[in-house]
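The values are calculated or read from the model by the stated rules, or taken from the named source; none is laboratory data. Everything numeric here is computed off the predicted structure, so don't read it as measured data. Cβ placement follows ideal geometry from the backbone for every residue including glycine, while neighbour counts extend to all protein chains displayed.
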Amino acid sequence: MIYLDNTLQERLTEFYQKSRRLTILTGAGLSADSGIPTFRGKEGFWTIGSVNYMPEEMGTYEMFLDKPLEVWKWFLYRFNICIKALPNKGHFAIKELEDTFTDRFRLITQNVDGLHFKAQSSRERTFLIHGTLEKARCGSECSSELYPYPQIPLEKGQELTSEQTELLKCPKCGNYLRPHVLWFDERYNEKHYKLDSSLRVAKETGLLLIVGTSGATTLPRRIVESVLSKQGIIIDINPNENYFSELAQKKKNGYWLKGNSSDILPEFVDFFKGL
Ligand SMILES: [Zn+2]
């Protein structure tokens, strides 16, 4: 094994023999190997007229209220990248870990791209804390019903036809639907994004693998802190130094495996299958 040294293997064996959960927390870095950009910063800017907007401005409820169709065009473009993308070795390794740990396994993901489900991760054990591009809901919250994401193959720079615009309206009240995702100016909650459920999972977690997320949002940080406070082990898997790798290096129960999740996660599969 390249990444799992003897000391870490001993810790993992010790964890395996107890009955606490294996939880995997995933973020955009995992899907980068599938060709999905992070849609943060310069990678995801969007032009309306002659003005360039940053993703942090486009992905907001404020922008949706002001320019609902522009926000939809941006999200339809993103969705069309996601439906063409395929899961990578990291996603498949996570699915294999679920098969190994069955009900001791939970997956908490910030990714809205649906790739975990394409790799056959189960919906029952997966918590979508930032929502999903597979669904839409009423932008006026006339009900909490989830609708299929509108199937409109829009490319960058294309305009919506009036028929396509109709597909973006709530069947109940006629106001615009919105993508079922957490926006930058919104807060985590249980109803849409499983806030309390994922914090409960954290409390039961004996081993947390943090994959491709840099700790930019509050809930992932709370999950990691909760695992540490219950004497769980945290392992950050990330090629780049980040908030979690720094935290892991300061804690006796923390490890940073510097590298690509597509290379490292299969080692965990081999290791646990061999026990
Ligand atoms: Zn409605």
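Brief remarks on what is shown
- Of the set (1) closer than 25 Å to residue 15 by Cα; (2) outside any loop (DSSP other than H, G, I, E, B), all apply to residue 215 but (2).
- Strands (runs of 3 or more DSSP E) contained entirely in segment 94-202, each with at least 2 residues that are in contact with a Cys (Cβ under 6 Å, 6 or more places away or on another chain) and crowded, with 17+ Cβ neighbours inside 10 Å: 131-138
Listed here are the residues, each with its yes/no results for (1) farther than 20 Å from residue 110 by Cβ; (2) free of Cβ contacts under 8 Å to residues at least 60 places away in the same chain.
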| position | (1), (2) |
| --- | --- |
| 12 | yes, no |
| 18 | yes, no |
| 30 | no, no |
| 36 | no, no |
| 45 | yes, yes |
| 51 | yes, yes |
| 66 | yes, yes |
| 70 | yes, yes |
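- Residue among 267, 246, 241 that alone is of a type in the set (D, E, K, R) and under 15 Å from residue 3 (Cα atoms): 267
- Among residues of segment 39-60 being in a helix (DSSP H, G or I) and touching a strand residue (DSSP E or B) at 6+ places or on another chain (Cβ under 8 Å), the one that is modelled with the highest pLDDT is 58.
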